[in-house]
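Engineer: Before I ask anything, let me first share the structure, which is written out below as structure tokens.
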Amino acid sequence: MSLKTLANKVKKEQKEMDKPFAEKFTAAIDNFLVNPPGEGRPNRLAFRPSSYYKCVRQTYYFLKGVTSKNKRFPRSQRILAVGTALHEWVQTEVLMKMAEMPDSPIKLVPKEELPSFGKGGIEFIAEHQAPPMEVKFLDTRFTKKFPISAMVDGSLTMMNKDFLFEFKTINPTDFEMLIEPLTDHIKQGAIYALSTGVRSVMFLYLCKGTQEWKPYLITYTDEQLDWVVTRIQTTEQFVLEDILPPKEISNQCKWCGYKNICDKELKEPEKNS
């Protein structure tokens, strides 16, 4: 160990010792959040609703099985946990209990009644750890090797209209500016609509600061669903042919778990030119 490394280690330990007791309490909790017990489940190599529309190169690395260097941050883990808890509340304590009431205007649509249920190439998975109303599926109809793996928050019907349900939590500032679903969420909904055959998706946004909410119903067009198919098929072709796709510049690049390998790939052509 170099003197500099040793000095930094001692400095870090001293800083930790000087923390007030209350700060040590929250630090212990945060350490647990970023280092949970047990091993995480391996990710299935598949197209995921939350990322298929983002950087093609990012998806390429994921489908190639390249290990992501994503770092866990305590605040991010807290945000994720609170969002999950609110999801389960609106599903199990609100919608599922409403659906049991004979006079409820909102009912659950069983997965067996979805348009794509029973069709070849798509499997609806009954056993999962999420609330029972969630619809989980694996769709192989649009790709050669890598399926669509997804889970939508629910499938509902009201006033003779069937629609998928997606619940989102959002901070107060973004909530005030919200006049339609976020672009990323619309693209997520498109892949749900494509696979299930239900064209309409109800996005329900809950403000984490005020607990107000805003609903938006989106009905997808053929053009939007065709875009999804083109996107995943084009990305898959890069992977199958082992061709590195072009980098898509984004303000999210600095947070990408593949940033190091991506930057290295960008520098290699410069050396060879």
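The values are calculated or read from the model by the stated rules, or taken from the named source; none is laboratory data. For clarity, every value in this text was computed on a predicted model and none was experimentally measured. Because the Cβ atoms are built from the backbone with ideal geometry, glycine has one as well, and the counts that use them run over all protein chains shown.
Engineer: Return the pair list, or none, for Cβ contacts closer than 6 Å from residues in the range 71-95 that are surrounded by fewer than 13 Cβ atoms within 10 Å (Cβ to Cβ) to residues that are not polar (S, T, N, Q), at least 6 apart or on different chains.
Structural biologist: Listed pairs, sorted by first residue: 72/34.
Engineer: Okay, moving on. Taking the criterion of being among the hydroxyl-bearing types (Ser, Thr, Tyr), more than 19 Å from residue 206 (Cβ to Cβ) and within 15 Å of the chain's Cα centre (by Cα), would at least one residue in the range 59-69 satisfy it?
Structural biologist: Narrowing the range 59-69 to residues among the hydroxyl-bearing types (Ser, Thr, Tyr): 59-61, 67-68.
With more than 19 Å from residue 206 (Cβ to Cβ) added as a condition, the list becomes 59-61, 67-68.
From what's left, within 15 Å of the chain's Cα centre (by Cα): 59.
There is at least one residue in the range 59-69 that is among the hydroxyl-bearing types (Ser, Thr, Tyr), more than 19 Å from residue 206 (Cβ to Cβ) and within 15 Å of the chain's Cα centre (by Cα).
Engineer: While we're on this one: From 202, 159, which residue is at positive phi and in contact (Cβ under 8 Å) with a residue 24 or more places away in the chain?
Structural biologist: None of the other options fit; the residue is 159.
Engineer: Can you tell me which residue in the range 13-24 is nearest to the chain's Cα centre (by Cα), limited to those that are surrounded by fewer than 11 Cβ atoms within 10 Å (Cβ to Cβ) and not in a loop (DSSP other than H, G, I, E, B)?
Structural biologist: My answer is 22.
Engineer: Say we look at the range 177-210 and pick out the residues that are within 16 Å of the chain's Cα centre (by Cα) and among the hydroxyl-bearing types (Ser, Thr, Tyr); which of these is surrounded by the fewest Cβ atoms within 10 Å (Cβ to Cβ)?
Structural biologist: That would be 183.
Engineer: Can you find, within the range 54-70, the residue that is surrounded by the fewest Cβ atoms within 10 Å (Cβ to Cβ) among those that are within 26 Å of residue 186 (Cβ to Cβ) and at pLDDT below 90?
Structural biologist: The extreme case among them is 70.
Engineer: So, in the range 129-176, of the ones that are charged (D, E, K, R) and over 15 Å from the mean Cα position of the chain (by Cα), which residue ends up surrounded by the most Cβ atoms within 10 Å (Cβ to Cβ)?
Structural biologist: Restricting to residues being charged (D, E, K, R) and over 15 Å from the mean Cα position of the chain (by Cα), the top hit is 139.
Engineer: Now for a separate question. Does residue 113 qualify as being in the same structural domain as residue 166 (by TED's automatic domain parsing) and surrounded by 11 or more Cβ atoms within 10 Å (Cβ to Cβ)?
Structural biologist: Judged against the criteria, residue 113 is a match.
Engineer: Could you check the range 50-88 and list, in sequence order, the residues that are in contact with a strand residue (DSSP E or B) (Cβ under 8 Å, 6 or more places away or on another chain) and over 21 Å from residue 258 (Cα atoms)?
Structural biologist: Within the range 50-88, 82, 83, 86, 87 meet the criteria.
Engineer: Exactly one of these conditions fails for residue 97: (1) over 26 Å from residue 190 (Cβ atoms); (2) assigned to a loop (DSSP other than H, G, I, E, B); (3) basic (Lys, Arg). Give me its number.
Structural biologist: (2)
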